[in-house]
Amino acid sequence: MKTFKDIINECLESVEEIFPWDLAEIFEQGQQPMILDVREPYEFDIARIKDSLNVPRGILETACEYDYEETVPELVTAHERDIIVVCRSGNRSVLAADTMQQMGYQSVKSLKTGLKGWNEYEQVMVDANGNEVDIDEIEQYFTPNLSPEQLAPK
């Protein structure tokens, strides 16, 4: 049986990760890769990188192809575009990047540490209305809040 971490580590054999400072440098150089945010819509509304595209991980495969209700034409036509996949902590984005590579996307990378790391690196994020999010206020969203039932038995 594989654990979640085992699956992530297997995907990391083929998925390249970049750090938040690498992405900031890409932006500073004037490059505009597609930022694909694979979090759920409610997470995306809280805080996101400006101009990012939200396609939840659960519908990614059908969003990447024509002839589905979830089809996102901008994504379907981006097989040769530079794409940086982001999520909250950098795990879902690794899974998504691996899937996209299997589906023929040529230049897909995952943001290591996710938006949590982006926030810790003090980079700008916006909310659903396009307003800049306060770095300190959003920290609570990035802090795990596990109930006792969610913790592994000792």
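The values are calculated or read from the model by the stated rules, or taken from the named source; none is laboratory data. These numbers were taken from a predicted model, which means no experiment stands behind them. Don't worry about glycine lacking a Cβ; one is built from the backbone with ideal geometry, like all the others, and counts go over all protein chains shown.
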## Note on the structure
Scanning region 107-154 for residues that are in contact with a helix residue (DSSP H, G or I) (Cβ under 6 Å, 6 or more places away or on another chain), hydroxyl-bearing (Ser, Thr, Tyr) and over 23 Å from VAL15 (Cα atoms) gives TYR141
### Query
Being assigned to a helix (DSSP H, G or I), surrounded by 11 or more Cβ atoms within 10 Å (Cβ to Cβ), among the hydroxyl-bearing types (Ser, Thr, Tyr) and at pLDDT below 95, is that true of even one residue in region 139-146?
yes
## Note on the structure
Subset of region 5-48, residues of a type in the set (Gly, Ala, Ser) and closer than 18 Å to GLY130 by Cα, comes to ALA47
### Task
Taking the options ASN129, ASN119, name whichever one is in a helix (DSSP H, G or I) and either exposed (fewer than 10 other Cβ atoms within 10 Å of the Cβ) or modelled with pLDDT of 95 or more (or both).
ASN119
